[in-house]
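To keep things clear, I will list the structure first and then write my remarks on it.
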Amino acid sequence: MARALSVDLRERVVGAVADGMSCRAAAVRFGVSAASAIRWRQRAVREGSPAPKPQGGDRRSGRIDAHGHLIRAAIAETPDMTLEELTAVLRVHGVLVGTGTLWRFFDRHQITRKKRPATRPSRTVPTS
């Protein structure tokens with residue numbers, strides 16, 4: 001993903017528009033696209049600043065984290081529950097998530113779910 005243009009440039013474009021220049025003329029003057037100048041002005045009017053929003057990061061984990069108490073309660077009740085069974089339990093409560101989402105939830109919160117007991121080491125061949 002490309003880097004956002006500087007806040008200084010954005011403020012100069014928005015300032016030129018505020019001084020009476022059209023968005024398209026300000027875009028030509030500062031060497032940016034007309035669409036960017038229009039969006040920056042709209043953002044300045046709506047939010048008070050043309051500064052860019054933060055880029056990257058996880059924007060969806062909050063959806064599953066809001067139901068963390070429900071997931072932990074289901075696991076405490078049935079410790080050997082599979083991810084598919086847990087998905088079904090959550091669906092009953094109106095939470096629609098995939099198994100990958102649950103796996104990332106467990107990984108993010110360091111919840112391990114080993115299903116089989118540890119076996120003794122083999123003398124002849126390494127085991128996993």
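All of the numbers you see were taken from the coordinates with simple rules; none came from a lab. These figures come from a predicted structure and were not determined experimentally. Quick reminder, even Gly has a Cβ in these numbers, built from the backbone with ideal geometry, and neighbours come from all protein chains shown.
Side notes on the structure shown:
- Relative contact order of region 61-108, defined on C-alpha pairs under 8 angstrom at six or more residues apart (%): 40
- Its Cα centre serving as origin, the chain has a Cβ charge dipole (Lys and Arg +1, Asp and Glu -1) of approximately 300 debye.
- Scalar couplings 3J(HN,Hα) for region 43-48, obtained by applying the Karplus form with A = 6.51, B = -1.76, C = 1.60 to θ = phi - 60°, are 5, 5, 5, 6, 10, x Hz; x denotes Gly and Pro.
- Here, the chain has an Rg and a Dmax of 26.0, 83 Å when only alpha carbons are counted.
- Hz values of 3J(HN,Hα) by residue in region 67-74 - Karplus curve (6.51, -1.76, 1.60), Gly and Pro given as x: 10, x, 4, 5, 5, 5, 5, 5
- Each label was represented as a point 7 Å from its Cα along the Cα-to-Cβ direction; for Ala73 and Ala34 these points are 5.7 nm apart.
- Once C-alpha pairs closer than 8 Å and six or more residues apart are averaged by separation and normalised to the residue number of region 9-128, the relative contact order reads 15 percent.
- Three-way shape call for region 1-50 based on the alpha-carbon gyration tensor, with the a/c threshold at 1.5: oblate
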